[in-house]
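Below is one structure, written out as structure tokens; comments come after it.
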Amino acid sequence: MADPQKIYRQFLDTLPELARIMAYDFERFQTIRRDTLIGYARTFQKLAEILLTLPCEAQEEAIKVMRDYIASRQREPGHWHDADWLGYMLECVAERAKKRKRRERLKPPADDELPF
């Protein structure tokens, strides 16, 4: 089982780099572009949902996505992931976790778990 404190620490470790990239995007365009701002808002909304309501496995997956995004920004500008990509990928993480939760709830009980 994943350690929630370790996950939280990993999340906090990635936030400064994410904020640096966000500031760079706004500085690069010399203005706050609407689509970039919406992309980052969607990202933080999904991060909050994942961290507050979903299991540790989804949280770990979200951190991997964030690290992939950060790593992409170390490459040439034409190969960068943008804020929309990050928001979309986090949305996918959340949706997969919700589907797993639903499947768990709908899974029939094992024979030894039946009440009779």
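Here are the numbers for this structure:
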quantity	calculated
Test: residue in the range 71-80 that is basic (Lys, Arg), over 29 Å from ASP3 (Cα atoms) and at pLDDT below 90	yes
Subset of the range 27-57 [surrounded by 12 or more Cβ atoms within 10 Å (Cβ to Cβ) and part of a loop (DSSP other than H, G, I, E, B)]	ARG33, LEU54, PRO55
Any chance TYR24 is part of a helix (DSSP H, G or I), among the aromatic types (Phe, Trp, Tyr) and surrounded by 15 or more Cβ atoms within 10 Å (Cβ to Cβ)	no
Total residues in the range 28-83, condition touching a residue at least 60 places away in the same chain (Cβ under 8 Å) and hydroxyl-bearing (Ser, Thr, Tyr)	0
Some residue of the range 58-68 being assigned to a helix (DSSP H, G or I), more than 11 Å from the chain's Cα centre (by Cα) and either on the phi > 0 side of the Ramachandran plot or at pLDDT 85 or above (or both)	no
Residue in the range 97-114 that is modelled with pLDDT of 90 or more, among the aliphatic types (A, V, I, L, M), out of contact with any Asp or Glu (no Cβ under 6 Å at 6 or more places or on another chain) and part of a helix (DSSP H, G or I) present	yes
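The values are calculated or read from the model by the stated rules, or taken from the named source; none is laboratory data. From a predicted model like this one, the values you see are computed outputs, not experimental measurements. Cβ sites come from the backbone with ideal geometry, for glycine too, and all protein chains shown count toward neighbours.
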